[in-house]
Amino acid sequence: MNRGLIFSLAILLTLAGCIGRSNHRPSPQRRPPNQTVVVRGNDPVVLKQCLGKLDRLVARYALLPDRTFGGSCDALGAVQLRDIGTPTTNLGAMTCGLANAFVNWVQNDLQDPAQEYFRSRVVKIETMGTYSCRNINGAATGRLSEHAHANAVDVSGFVLEDGRHVTVANDWTAGGDGAAFLRAVHASACRRFVTILSPDYNALHHDHLHFDMGGKSFCR
Ligand SMILES: [Zn+2]
């Protein structure tokens, strides 16, 4: 096994979400067996396959040059989404696998619940960003967040065609149609991403839904 491969495996083994995984987590929901998980990294064959899928989703995007930053942060095999059909704020570098899952979620999972609960359409998605070189929890020490690998996105709200503004911060716990809508799109996200965290996970997620493509399957 060459050193490069060992290094890649070491990175894969240390992937982690925004929040550390404790041993007392409830049983995670399992993903359907046919879900594709694109491994982060710069394997050219994997990246080409992933970009081919993105091409078919009619997403307008730019492939970004591989970048490494201080502190083991990097953005490898990452893209910049430019037009995915619904305007979306604060999208920076995203690994191709994350971008694929996100575009599928936006294009397939949002409008039916919007019709069901609001008789309207989602016309804008608000996020709190993608790439950020930081540790899990934003802690001073510990493992890097998936955000540090451009492999996570935080979704904070939705604007509907009728002007309604649904936010995780205000509506998740408020009950009613807003909460039902958010829980529906969260449930669908659990079928597309690997780790999905909501306000039900911990207080640090009170205002956003965290989606990433690293580590083990976990949805809460
Ligand atoms: Zn996050």
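Provide THR130, THR95 in ascending order of the number of other Cβ atoms located within 10 Å of each residue's Cβ, fewest first.
Lowest count first: THR130, THR95.
Going by how many other beta carbons lie within 10 Å of each one, how would you line up ILE136, ILE125, fewest first?
The order, fewest Cβ neighbours first, is ILE136, ILE125.
Given R₀ = 35 Å, what would the calculated FRET efficiency be for ASN202 paired with ARG56, taking r from the Cβ atoms and rounding to 0.05?
E(calc), rounded to 0.05, equals 0.45.
Full-extension gain between ARG183 and SER217, please, as 0.36 nm times their residue separation minus the C-alpha to C-alpha distance.
10.4 nm
Name the residues whose placed amide hydrogens come within less than 5 Å of the amide hydrogen of ASN135, ignoring near sequence neighbours (fewer than 5 apart) on the same chain.
Residues meeting the criterion, in which the H sits 1.01 Å from N, are SER145.
I want to verify the translational diffusion coefficient of the range 115-205 in µm²/s; compute it with Stokes-Einstein, Rh as the Kirkwood radius over Cα pairs, at 37 °C and 0.692 mPa s.
Here the translational diffusion coefficient equals 229 µm²/s.
If each Cα of the range 154-215 is one equal point scatterer, what is log10 of I(q)/I(0) from the Debye formula at q = 0.16, 0.17, 0.20 Å⁻¹?
-0.48, -0.54, -0.73
Would you pull out the residues with amide H under 5 Å of ARG121's amide H, same chain only if 5 or more places away, H placed 1.01 Å from N?
Here the answer is GLU161, ASP162, since their amide H atoms fall under 5 Å of that of ARG121.
Grab every C-alpha pair in the range 37-219, bin the distances at 10 angstrom width from 0 up to the longest one, and report whole percents.
Answer for the range 37-219: a P(r) of 10, 39, 35, 14, 2 percent.
Using the Karplus equation 6.51 cos²θ - 1.76 cosθ + 1.60 (θ = phi - 60°), what ³J(HN,Hα) coupling, rounded to whole Hz, does each residue of the range 153-158 give in order, writing x for Gly and Pro?
With coefficients 6.51, -1.76 and 1.60, one gets 9, 10, 9, 10, x, 9 Hz.
Please list, by residue number, every one of the trypsin sites (Lys or Arg not before Pro) in the range 89-180 that is coil in DSSP and has at most 11 other beta-carbon atoms within 10 Å.
Listed in order of number, the matching sites are ARG119.
Only the coordinates and a few stated rules stand behind these numbers; no lab work does. This is a predicted model, so every value here is computed, not measured. With ideal geometry, Cβ positions are generated from the backbone for all residues, glycine too; neighbour counts draw on all protein chains shown.
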